[in-house]
């Protein structure tokens, strides 16, 4: 005896291919090449940043020491909180431009910047 049913199944024994699986699947060579390129890009970026950082680092020590002070020159030891501008303003003569005094101090002591360290000795040029 057979029974009839009105139920209809949506399942059809075959799976439908709704998208191009060939475009989604990549070969192991492509994945390996992609990983290699990513590693190469990361290593290049690392070395560029390392080189840039090392290039920007400067040393406060100057390889060229200033000439020994003459008898008419004085030596001042930099204290905590002293600046080149403050020292220049304390040694300048009446009416002398402070910028000129700072320039002379930097030139006489072979300073590349205006930053000073406590305990550093500065030679005051005689003019």
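The values are calculated or read from the model by the stated rules, or taken from the named source; none is laboratory data. Treat the numbers as computed from the prediction; the structure is a model and nothing was measured. With ideal geometry, Cβ positions are generated from the backbone for all residues, glycine too; neighbour counts draw on all protein chains shown.
Residues of region 93-110 include at least one that is touching a residue at least 40 places away in the same chain (Cβ under 8 Å) and touching a strand residue (DSSP E or B) at 6+ places or on another chain (Cβ under 6 Å).
Hey, can you tell me all the residues within region 91-127 that are surrounded by fewer than 13 Cβ atoms within 10 Å (Cβ to Cβ) and under 27 Å from the mean Cα position of the chain (by Cα)? The answer is 112, 113, 114, 115, 117, 118.
The test for being part of a helix (DSSP H, G or I) and touching a helix residue (DSSP H, G or I) at 6+ places or on another chain (Cβ under 8 Å) does not hold for residue 55.
The number of residues in region 69-90 being over 17 Å from residue 113 (Cβ atoms) and in contact with a helix residue (DSSP H, G or I) (Cβ under 7 Å, 6 or more places away or on another chain) comes to 2. Filtered by the rule that a residue be at pLDDT 90 or above and assigned to a loop (DSSP other than H, G, I, E, B), region 69-80 gives 78, 79, 80.
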